[in-house]
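Readers should treat all values here as calculations from the given coordinates under stated rules, not as data from a laboratory. None of the values given here were measured: they were computed from a predicted structure. Cβ placement follows ideal geometry from the backbone for every residue including glycine, while neighbour counts extend to all protein chains displayed.
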Amino acid sequence: MTVYFRFFTVLLLSVNAWTQYPFPSEIIFADHKVPLEKYDVKERLTKTFNTFTLDRRGFMQNLIDKEHNYLPLAKEVLKQWEVHEDFAYIMPVESEFDPRAYSQAKASGLWQLMPATAKMYGLRVDDFADDRNLLDRSTKAAAEHLNMLSQVLKKDPFFMIAAYNNGDSNVRNMMTAQKVSDFWEARSNAETEFYVEKVIIYKLLMSDPEKYGFTKPSAKETRSYELCTISMGSNNLYFSEICSILGITYRELYKANPHIKFGSYKSGGYISKYTSIELMIPEKSSPKLISELRKRNFLSGSPESSVVSSKKNSGGITEDVYEIRYNENIESIAFKYGVDWKEIAELNNLKIIKLSSGIETAELNRGMTIRILH
């Protein structure tokens, strides 16, 4: 009886896996109708549709199982920046919902932002932390970038998707060279064409998974986390010590903090001395962690401990004169004050340098004083 039941179950799964689902007669993306009636558009999209409803069915189900952790917040952030929520489906195409996704081209995070693009939109990218791996901050940067593409490409959603993948200059050159004003009438590179098709099909399948035989995941109970800012003193702080204080596993700390550089699994990762890091830790545990770290002499003073003078103008803006006392970087200082490091650099006429990794930063020297408006 048991053998029969197993055989019947496998048979049902096999039949379901090879069910040919009908391709929709109409597709709307970002309030724009996909022109299925145009030359080879329906053929191209049908092929991609079949790829993910037949050949890569398990892969698509895995994405659907994770989407509720990412898409709702992403859609809200996009709308705040006047970008249509459908563009949130770029995210799974870029990263498969992997916050630590990293490409050979050095793009990272859920939206696969390049270091220069991320820093241009105010994200922290340095040797200690990478905000590209945080959902809310990377989505904000992606929203700003998409908003820019919208203005450059006259709000055409399909050219915008193509430009997110291939760069707006390449897309505009294609439009000019081929004298086209419709993405579906142009010839692009194979990667970008498939990329645009995937974003559209992902939106179609994830918006109504049960219609295409997928299982809509039930809401899962997850632990709530909060942000805790740690400004380090003169000692390195090993992550294992944080886990011991909070009573959590090393893996949980790692999973909750995709933006933190943990280093190799074969060596004990740590937060470097004289840096500032924002950690995601279990809710309501910040007072305990800060208290213990202070007792164990891991923390520096507050940002004001390095402030030489401070004054507030009539507009309510505070100006601090900050002394560089340690081997600090401008990103960590900007992070402490909640401002963009480029604003500090411009205000103080700091020299902008490029590190060997290709990341831009501002040059700081111990003993230097800088002005900070916040």
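Listing for the model above:
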| read-out | value |
| --- | --- |
| Exposed-site-free run, longest, the chain (rule: GluC sites (Glu not before Pro); DSSP loop; at most 16 other C-beta within 10 Å) | 97-220 |
| Folded to 0 to 90 degrees: helix 157-166 orientation relative to the chain principal axis, Cα | 60 degrees |
| Label-point separation in nm, residue 243 to residue 272, each point 7 Å along Cα→Cβ | 2.3 nm |
| Cα gyration tensor category, rounded, prolate or oblate, for region 23-212 with a/c compared to 1.5 | oblate |
| Extension gain (nm, one decimal) between residue 296 and residue 254, 0.36 nm per residue minus Cα-Cα | 12.9 nm |
| Cα gyration tensor category, rounded, prolate or oblate, for region 31-94 with a/c compared to 1.5 | oblate |
| Region 91-209 - percent relative contact order, Cα under 8 Å, separation 6 or more | 16 percent |
| Neighbour-count ranking [beta-carbon atoms within 10 angstrom, fewest first] of 333, 200, 161 | 333, 200, 161 |
| Prolate/oblate/rounded label for the chain (Cα gyration tensor, a/c 1.5) | oblate |
| Karplus-derived HN-Hα couplings along region 61-77 (A = 6.51, B = -1.76, C = 1.60, θ = phi - 60°), whole Hz, x at Gly and Pro | 4, 4, 5, 4, 5, 9, 4, 5, 7, 10, 5, x, 5, 4, 5, 5, 5 |
| Order of 111, 341, 184 under a 10 Å beta carbon neighbour criterion, fewest first | 184, 341, 111 |
| Sum of -39500 (n - 2.57) over DSSP H runs of 4+, divided by residues of the chain (222 nm, nearest 500) | -12500 deg cm²/dmol |
| Ranking of 56, 366 by count of other Cβ atoms within 10 Å, fewest first | 366, 56 |
| Spacing of the two label points (7 Å from each Cα toward its C-beta) at residue 69 and residue 169, in nm | 3.7 nm |
| Rounded to 10°, Cα long-axis angle of helix 2-17 versus longest principal axis of the chain | 90 degrees |
